[in-house]
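Participant: Dumping the structure here so I can ask a few things about it.
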Amino acid sequence: MHEILYTAGKSGHAMSCGGIVFVLLLLLFASGCATIKDTVVLVQDADGKVGQLTVANNGGSKTLTVPNTMIEVTGSEKSPSDPKQIDQSKIDVLFAESIDAWPAEPVIFLFYFLHNSTDLVTESKSDIVEVISAVNKRKFYEISIVGHTDTTGTDEHNMGLSNARAEAVRDALIAQGIRSDRINLRYHGKWDPIVPTGDNVSEPRNRVVEVVVK
């Protein structure tokens, strides 16, 4: 039995569409011959969105549009089965190994800073613990750190300030045991702000470092 778990966020053909495909292969023997059956299951993304998936062969095609539905294919010349519901508990059992290996969704943290400073605001000081917690839930992790400023001051000053802020967060994470080779650091100065504003606008939400754990 050849089972495919397709997680949808995009539409497409079963053999060439976007998304993540997990494959488990078992062989069922009947009358001395190996029979392979494909089972394709559509599930929703972590954010609750569901796309659609078309399974096609020489015998015809069928499309899945509802989460937790499945299509079976028993041969290249025989039309895929009509979609039918499959219980979540059965999905969890059939695809336990694949689901366990599924990469965790990225988590975003925003660290806010005092005006023209590399000092965190009080509310952001405890967020380092949350980042460490997100990292500890992953078998493998990468961290993206991006520094920003508001649009007050010169380009040169803000590039340096956003870099210093990003480095401050990076150093705080490394001090808590995060590996430096798992961190990608960038800084944008007052360009590409989190909250778009005009020039020379003192916007507290743009005095920020964005941390993405993935």
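Participant: Can you confirm whether I71 is out of contact with any Gly (no Cβ under 6 Å at 6 or more places or on another chain), outside the structural domain of H188 (by TED's automatic domain parsing) and aliphatic (A, V, I, L, M)?
Facilitator: Taking the combined requirement at face value, the residue satisfies it.
Participant: Can you work out which of the residues in the stretch 99-154 that are small (G, A, S) and buried (at least 19 other Cβ atoms within 10 Å of the Cβ) is modelled with the highest pLDDT?
Facilitator: Once the filter is applied, the top-ranked residue is G147.
Conditions (1) over 22 Å from V213 (Cβ atoms); (2) touching a Cys at 6+ places or on another chain (Cβ under 6 Å); (3) among the acidic types (D, E); (4) not assigned by TED's automatic domain parsing to the domain that holds V209, marked per residue:
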site	(1), (2), (3), (4)
D119	yes, no, yes, no
K137	no, no, no, no
D150	yes, no, yes, no
G153	yes, no, no, no
M159	yes, no, no, no
V169	no, no, no, no
A175	no, no, no, no
I183	no, no, no, no
Y187	no, no, no, no
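Participant: Let me ask something else about it. So, of the residues in the stretch 187-211 that are part of a loop (DSSP other than H, G, I, E, B) and among the hydrophobic types (A, V, I, L, M, F, W, C), which turns out to be nearest to the chain's Cα centre (by Cα)?
Facilitator: Filtering first and then ranking leaves I194.
Participant: Just name the residue that is farthest from the chain's Cα centre (by Cα) out of those in the stretch 49-91 that are under 26 Å from W102 (Cα atoms), among the β-branched types (V, I, T) and part of a loop (DSSP other than H, G, I, E, B).
Facilitator: Checked the stretch 49-91; the qualifying residue farthest from the chain's Cα centre (by Cα) is I86.
Participant: How about the stretch 161-184: which of its residues are of a type in the set (S, T, Y) and buried (at least 18 other Cβ atoms within 10 Å of the Cβ)?
Facilitator: Within the stretch 161-184, S162 is the sole residue that qualifies.
Participant: Oh, and also: Quick check on the stretch 146-186: of everything there that is among the β-branched types (V, I, T) and in a helix (DSSP H, G or I), which residue is farthest from R205 (Cα to Cα)?
Facilitator: Filtering the stretch 146-186 down to residues among the β-branched types (V, I, T) leaves 146, 149, 151-152, 154, 169, 174, 178, 183.
The next check asks that each one be in a helix (DSSP H, G or I); those that pass are 169, 174.
Details: V169: 16, I174: 25 Å.
By that ranking, first place goes to I174.
The values are calculated or read from the model by the stated rules, or taken from the named source; none is laboratory data. Nothing here was measured: the structure is a model prediction, and the numbers come from that model. Backbone-built Cβ (ideal geometry, glycine too); neighbour counts: all protein chains shown.
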